[in-house]
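Step one of this worksheet: look at the structure below.
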Amino acid sequence: MAAMPNSHDSHDVHDVYDVQGSHGSRGFETLDLSTVWLRAFLEVARQGSFTGAARSLGWTQSAVSRQISSLETALGGAPLFDRLPRGVRLTEAGRVLVPYAETVVEALRGAGRELTALRELAGGRLRFGAFATADAALVPQALAAFRARHPKVRVTREEGLTPRLLDRLTAGHLDLAVVSTTGRPPLEAYDLHHLLDESLYVAVPAGHQLAGGGPVRLGRFADADWISGSARPEGTLLDAALREGFRPRVAHVVAEWTAKQGYVAAGLGVTLIPALAAASVRPDVALVPVRDEGAPARAVYAATVRGRVETPVVEAFVGALREAAGTLRS
């Protein structure tokens, strides 16, 4: 049996619904109406009696009567029901109130359903972004697992460089961004969920003398022509060359990974390939691992805005990213 409502809790924040309006010549701006009163009112209207409403709600008849009395008082004292020898009938005031009460109660039920769906990941949305090489393997694996578990969550994805993704995240256009430490972006304002540390490879033509060998220092390629997405190494993967003590000679500026590989295969230079993109390298290109001196070349994170509440959807997707990262590491 449902708990009997207390006629004195009309000002409980969980039970009160504020309705804007006016009432007669002495109008008032706001009606503080308990949703318990409205539920009781609608059930009496449906059943045509206090006894039937009490039975349906699992309350006592006196509890139902108190809710209706409280509602009538809050609305200015006009009776909502004519008390007849056999049951009750809506008054004109009651007929006016019915559609508004139904709207309020249904709106709150709808809110409850949506909030439950968010909590149980049976609805809601996920807006995330990722840098290009994360889209080669990490993000697809995580997204496939996430969608299999939570098919009703609406997912939208953006691709971009880490600084742009962070700007989008800060502005509220993204819930999460998969970012890297390439270019040393300012990450202090974000909560960072570490996914993996990424090593680098030098992509060379398949017949290159270093192909098939072990890790080498990046300085072995100090005299090579380089293919890069920027004419300047600063802020790119070629920062690693600057740390090695040489400034690489960028012979060709090429943005796309597939196009870079084409230039490498044709013998026009070498390029850096991060580990996340290693599996997608074409067969006429060989990868020479770069020897890590101290810290890995870059770290990859799932970033969220510090201080912003993480939804269950975001938490679940971070979990899927971590699982995918673990698979890639192994």
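The values are calculated or read from the model by the stated rules, or taken from the named source; none is laboratory data. Bear in mind that the values here come from a model prediction, so they are computed numbers and not experimental data. Note that each Cβ is placed from the backbone with ideal geometry, even for glycine, and that neighbours are counted across all protein chains shown. Heavy atoms of the whole protein, side chains included, go into the accessibility calculation; ligands, DNA and RNA do not. Shrake-Rupley method; radii C 1.70, N 1.55, O 1.52, S 1.80 Å.
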Using the heavy atoms of the protein chains and a 1.4 angstrom probe, tell me the accessible area per residue for the range 226-330 in square angstrom.
47
Got a sec to turn the phi values of the range 250-257 into Karplus ³J(HN,Hα) couplings, 6.51 cos²θ - 1.76 cosθ + 1.60 with θ = phi - 60°, whole Hz, x for Gly and Pro?
7, 8, 9, 9, 9, 7, 7, 4
Measure off, as a whole percent, the carbon and sulfur share of the 1.4 Å-probe accessible area of the range 47-111, all protein chains present.
55
Using r as the Cβ-Cβ distance of residue 154 and residue 232, and R0 as 45 Å, what FRET efficiency do you calculate, to the nearest 0.05?
0.70
Dipole magnitude of the range 200-261 about its Cα centre, charges +1 at Lys/Arg Cβ and -1 at Asp/Glu Cβ only, in debye to the nearest 20?
100
Once you put a point 7 Å from the Cα of residue 258 and another 7 Å from the Cα of residue 243, both along the Cβ direction, what distance in nm separates them?
3.1
Classify the chain as rounded, prolate or oblate, taking a ≥ b ≥ c as the square roots of the eigenvalues of its Cα gyration tensor: rounded when a/c is under 1.5, otherwise prolate if a/b is larger than b/c and oblate if not.
prolate
Rounded to one decimal in nm, the spacing of the 7 Å Cα→Cβ label points at residue 119 and residue 167 is 3.9
Does anyone have the angle between helix 138-149 and the longest principal axis of the chain? Alpha-carbon axes, 0 to 90°, nearest 10?
30
Dipole magnitude (debye, nearest 20) for the range 179-283, charges at Cβ of Lys, Arg, Asp, Glu
360
Applying the gyration tensor rule to the Cα atoms of the range 224-316 (axes a ≥ b ≥ c; rounded if a/c under 1.5, else prolate if a/b exceeds b/c, else oblate), the class is prolate
Which parts of the range 85-113 would a label at residue 51 reach, counting a residue when its backbone N lies under 18 Å from a point 7 Å out along Cα-to-Cβ?
85-90
Quote the relative contact order of the chain in percent (integer), defining contacts as alpha-carbon pairs under 8 Å separated by 6+ residues.
18
Can you classify the range 163-283 as rounded, prolate or oblate using the Cα gyration tensor, where a ≥ b ≥ c are the square roots of its eigenvalues, rounded means a/c under 1.5, and otherwise it's prolate if a/b beats b/c and oblate if not?
prolate
May I ask for the angle, rounded to the nearest 10°, between helix 92-119 and the longest principal axis of the chain, with both axes built from Cα atoms and the value confined to 0 to 90°?
30
In degrees, nearest ten, helix 35-47 long axis to first principal axis of the chain (Cα)
60
Antiparallel versus total DSSP beta bridges in the chain: what percent is that, nearest 5?
65
Would you mind computing Rg(Cα) / (2.2 N^0.38 Å) for the range 81-136, counting N as its residues?
2.29
Under Karplus coefficients 6.51, -1.76 and 1.60, residue-wise ³J(HN,Hα) of the range 214-221 in Hz, glycine/proline x:
x, x, 10, 6, 4, x, 4, 10
If I stretch the segment between residue 147 and residue 60 completely, what's the gain in nm (0.36 nm per residue apart, minus their alpha carbon distance), one decimal?
26.6 nm
Hey, if you put +1 on the Cβ of every Lys and Arg and -1 on every Asp and Glu Cβ in the chain, which of 205, 311, 37 ends up farthest toward the positive end of that dipole?
205
Please report how far the C-alpha centroid of the range 188-243 lies from that of the range 306-330, rounded to the nearest whole angstrom.
27
So, with points 7 Å from each Cα along the Cβ direction, the residue 197-residue 78 label distance in nm works out to 7.4
Taking all protein chains in place and a 1.4 Å probe, what share, in percent, of the accessible surface of the range 146-278 do carbon and sulfur account for?
50
If unit charges are put on Cβ atoms (+1 for Lys and Arg, -1 for Asp and Glu) and the dipole of the chain is taken about its Cα centre, the option from 79, 248, 190 lying farthest towards the positive end turns out to be 79
To the nearest 20 debye, what is the magnitude of the charge dipole of the chain about its Cα centre, counting +1 on the Cβ of each Lys and Arg and -1 on the Cβ of each Asp and Glu?
560
